Amino acid sequence: MKLPVFLTILFSWISVFMAKPPAPLTGKEVLEQMHQKYKGQFDPYFTFDQKAIVYKSAQDSTQEVWHEAIAFPGRLVIKFNDFTGGNGALYAQDSQYVFKNNALQNKRRRVHELLVLAFDVYHQPAHRSATQLQEAGIDLNKVFATTWQGKKVYVVGVRNFQEKASHFIIDQEKLWLLQTVRQSGENRSVVDVKGYQKVKGNWIATDLTFSTNGKTTMHELYYNMRFPASLPDDLFTTKGFITAKW
């Protein structure tokens, strides 16, 4: 074999083996990768407390303790400060219910995209997560791969960072959530998701920062994380909210 021909074949083989795998073509494929990586590995029930630091400004903040219980997929109840105060929120059937003094103040249809992307995606079929995120206004046909904050990531919902639209960022290696962005006109709400810890076999992000138009509005720190064998169904109902305790 002549040397130039040999080198051509050699370099072609090298390029095949060294070529990077193509980025997913759609956000649905990213969700499927996430689901398949951790399918069946995480517990279906989760309770925890969180320190919630709420910012009126950079110099003015208050601190609260929230108690949360989740039944995956899709059910979350939050009690603000104490279990008997009657203040909190419930998320179920892609709806949000807000309580004050044990009275229902507000109900509205709302997909909780943070709950979907941080938890539910690993407990339900990817097509279900895709339907929810599309309802939340995320275009799953737009996706690109890049390096962000030193990590290789998938960005779903925009074709580049200059585009103003709702999107989310997924770690390519770990296949877990790093950031969500909700764009409504010129208003931009961001949740940065950090502090992943492995707790009894479950990967949990324990450090979340919320911001609106570049200003920090809340910082959440999780602790007392537990994974009970079960939680009662009525815990996640409007009737059960008053007496809900775990």
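With only Lys, Arg, Asp and Glu charged, each at its Cβ (+1 for the first two, -1 for the last two), find how big the charge dipole of the chain is about the Cα centre; round to the nearest 20 debye.
Once rounded to the nearest 20, the dipole reads 320 debye.
Applying 1/(1 + (r/R0)^6) with R0 = 25 Å to the Cβ-Cβ distance of Glu135 and Glu173, what FRET efficiency is obtained, to the nearest 0.05?
That gives a FRET efficiency of 0.30.
Roughly how much of Val65 is accessible, in Å² to the nearest 10, using a 1.4 Å probe?
50
Treat every Asp and Glu Cβ in region 140-228 as -1 and every Lys and Arg Cβ as +1, leave all other atoms uncharged, and give the resulting dipole magnitude about the Cα centre to the nearest 20 debye.
140
So which GluC sites (Glu not before Pro) in region 165-230 end up in coil per DSSP with only 16 or fewer other C-beta atoms within 10 Å?
Working: sites: Glu173, Glu186, Glu220; in loops: Glu173, Glu186.
Listed in order of number, the matching sites are Glu173, Glu186.
Quick one: angle between helix 126-135 and the longest Cα principal axis of the chain, in degrees between 0 and 90, rounded to 10, please.
70
Angle check, please: helix 3-18 long axis (alpha carbons) against the longest principal axis of the chain (alpha carbons), in degrees 0 to 90, nearest 10.
Tilt of helix 3-18: around 10 degrees.
Under 24 Å between C-alpha atoms is the cut-off here; go through region 127-246 and count lysine pairs that meet it, provided they're at least eight residues apart or on different chains.
Count of close lysine pairs: 20.
Can you tell me the length gained on complete extension of the stretch Lys51 to Gln36, counting 0.36 nm per residue apart and subtracting the Cα distance?
2.2 nm
Enter the angle in degrees (range 0 to 90, nearest 10) between the Cα long axis of helix 27-38 and the first principal axis of the Cα atoms of the chain, meaning the one along which they spread out most.
Helix 27-38 and the main axis of the chain meet at about 80 degrees.
Of all the accessible heavy-atom surface of the chain, with the other protein chains kept in place and a 1.4 Å probe, what percent is carbon and sulfur?
53
Report the convex hull volume per residue for region 55-105, counting only C-alpha atoms, in Å³.
107
Could you report region 74-188's accessible area per residue, 1.4 Å probe, as an integer in Å²?
46
What are the extents of the Cα atoms of region 137-246 along their three principal axes, listed from largest to smallest and rounded to whole Å?
Cα extents, longest axis first: 47, 32, 28 Å.
Pulled fully out, how much extra length does the chain show between Ala103 and Asp43, if you take 0.36 nm times their separation in residues and subtract their Cα-Cα distance? Intermediate values should be presented prior to the final figure.
Numbers: separation 60, 0.36 × 60 = 21.60 nm, distance 3.15 nm.
Contour length minus the Cα-Cα distance gives 18.5 nm.
Would you work out the charge dipole size for region 98-137 about its Cα centre, treating the Cβ of every Lys and Arg as +1 and the Cβ of every Asp and Glu as -1, and quote it to the nearest 20 debye?
That gives region 98-137 a dipole magnitude of about 280 debye.
When the Kirkwood hydrodynamic radius is evaluated over all pairs of different C-alpha atoms of region 79-135, what value in angstrom, to one decimal, is obtained?
The answer is 12.5 Å.
When ranked by the protection proxy of mean other Cβ atoms within 10 Å per residue, highest first, what sequence do the peptides 35-44, 101-110, 68-77 form?
68-77, 35-44, 101-110
The values are calculated or read from the model by the stated rules, or taken from the named source; none is laboratory data. Bear in mind the structure is a predicted one, so any value in this text is a computation, not a measurement. All Cβ positions, glycine included, derive from the backbone under ideal geometry; neighbour counts span all protein chains shown. Accessible surface is based on the protein model in full, side chains and every heavy atom, while ligands, DNA and RNA are left aside. Shrake-Rupley method; radii C 1.70, N 1.55, O 1.52, S 1.80 Å.
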